[in-house]
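The values are calculated or read from the model by the stated rules, or taken from the named source; none is laboratory data. None of these values were measured; they are calculated from a predicted model. Reconstructed Cβ throughout: ideal geometry from the backbone, glycine too, with neighbour counts over all protein chains shown. Accessible surface is based on the protein model in full, side chains and every heavy atom, while ligands, DNA and RNA are left aside. Shrake-Rupley method; radii C 1.70, N 1.55, O 1.52, S 1.80 Å.
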Amino acid sequence: MSEFGKLKIAIVGGSLSGCIAATLLFRAGHEVTVLERSRSGLLGRGGGLTTSRTVLEELKSLDLLDAGFAASPFHTLKMSKLSEENAYVGRCPLTRPIDMHCVNWGGFWQNLRKRVPDEIYFQGKTVSQAEETDGCVSLTLEDGSTEAYDLVVFADGYRSAGRKLLFPDIDLSYRGYFVWRGVLPESEVNDSDPLNDHPRYSYKNIDGSFVSFIIPDSSGSMIPGERIINWAAYIPLPAEDLPEFMLDNDGQARSGSIPSGAMRPEQDTDLKTLMTEQLPSYYGEILNKSQGNQIQLIYSCALPAYRKGRMCLVGDAGMMVQPMTGAGVFKGFSNALDLVDALGSGKDLDSALESWSIRQTRVAHRMLEMGHEMEQAFIWNTIDLAKASPEECELWWEKSIRVPEEFSYFAT
């Protein structure tokens, strides 16, 4: 417990980062309230996500995840491309050791959520206003109710209302590409051997890249044939084409993403045709069988700080880092863990929050730099993996990506 005693803390957002922060702060003795705007729950969101073994083991050691929580490990990244000699799975002239663990998003959230007491987790609560006066933050909900807190932690995702409130002049930066992604039951493919690898494919004659990885099914099963194939195609799209591209199957303009079930059928078909031409046949078949696919525009965002006064940002509500870094879980976890430590540091509250903010900002900038380098390597300036020698690929890699010491799924 900090020297200023138990704090009354509101956490805005009850997804992954919100649940981690809520559990850690509640266990530290603070009075915690989680305000989640969704009324229907979050179990159906997302397919798979990636992180490192180190992060998963630390989550388990702190009893934020069950000791036996299922994850699919991958130890080698295979940089590959369709070639004339291998139209089935392509040519791989470069491998890199990784320590990547892939999990089912729904199962991951459910495991985190069950550690948050039901009496402090409230659904259907949308914050419409936040105002700090006299050392406390007053939150106003859409229903008109208000409540004052000692500290407000915004964990409300990449389109964070908290970020906009704290830094109104800073917008998300569209990176010039989107990710088209989907899942397919492993039982629908005849050959599972290629799924034992984690490949990143560059395309035949356009910029961008494609990845796939296996995740447990919704029950946590890792039995071959019961698992799920998760795939993601990163595809360039000029900003001027976004208004027409981001129309859903009802003709409504979407902002940021088109969720599963809302894509226009002809749009999904066009992307399947494009990727079938660009990828080895094995993955083209997987994409053509996948249904209920979705689109997410890729953004980044740099911030000067992670707090203003008694309001803080955690996870994707803070600095937005490209998802190909696999940094999402690490960001939310490290932000929350460091916040608990800062509140128990013996400093006065404002000094504790400021020290915490400085560290989060420094680490996030390093991760954002890695994200920019990975974009250049994997989206815009990939060496020709179909023709380059292993030695040329090795040199290209060493010049392309620097790994920040705080986090990476790249093994060292």
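Worth pointing out:
- Accessible area per residue was computed with a 1.4 Å probe on protein heavy atoms; Lys6 scores about 130 Å².
- The orientation-averaged shadow of the Cα convex hull for the chain, equal to a quarter of the hull surface, comes to 19.9 nm².
- Principal-axis analysis of the Cα atoms of the chain puts helix 349-375 at an angle of about 10° to the longest axis.
- Cβ-Cβ FRET estimate between Thr76 and Asn205, R0 fixed at 45 Å, reported to 0.05: 0.95
- For the chain, the solvent-accessible area works out to 42 Å² per residue, with a probe of 1.4 Å and every protein chain left in place.
- For the residues Cys19, Cys312, Cys92, a GNM of the chain with alpha-carbon springs under 10 Å puts the largest fluctuation on Cys92.
- Rounded to 10°, Cα long-axis angle of helix 328-343 versus longest principal axis of the chain: 20
- Relative contact order (%) - criterion: Cα under 8 Å, at least six apart; region: the stretch 225-375: 18
- Taking the accessible area of the chain, probe 1.4 Å, and keeping the other protein chains in place, the carbon and sulfur fraction comes to 48%.
- Between Ser218 and Thr273, the contour length at 0.36 nm per residue exceeds the Cα-Cα span by 16.9 nm.
- Distance between the 7 Å Cα→Cβ label points at Ala67 and Asn86: 4.1 nm.
- Förster radius 45 Å - calculated FRET efficiency between Asp169 and Glu392, Cβ distance, rounded to 0.05: 0.55
- Modelled FRET efficiency - R0 35 Å, Arg402 with Thr133, Cβ distances, 0.05 increments: 0.20
- Ellipticity estimate at 222 nm from DSSP helix runs (n ≥ 4, -39,500 (n - 2.57)) divided over the chain, nearest 500: -9000 deg cm²/dmol
- Choice from Asp99, Asp316, Asp118 with maximal GNM fluctuation in the chain (Cα, 10 Å cutoff): Asp118
- Within the listed set Asp350, Asp250, Asp268, the residue fluctuating most in the Gaussian network model of the chain (springs between alpha-carbon atoms under 10 angstrom) is Asp250.
- Inter-site label distance for Ile358 and Glu226 at 7 Å from Cα along Cβ, in nm: 5.1
- Solvent exposure, largest accessible area first (probe 1.4 Å, DNA, RNA and ligands not counted), of Phe330, Phe26: Phe26, Phe330
- Full extension of the chain between Asp193 and Lys6 yields a length gain of 62.0 nm, computed as 0.36 nm times the residue separation minus the alpha carbon distance.
- Listed pairs Lys81/Lys331; Lys164/Lys331; Lys204/Lys387; Lys8/Lys125; Lys164/Lys308 exceeding 23 Å between Cα atoms: Lys81/Lys331
- Gained length - Asp143 relative to Phe245, 0.36 nm times residue gap less alpha-carbon distance: 33.3 nm
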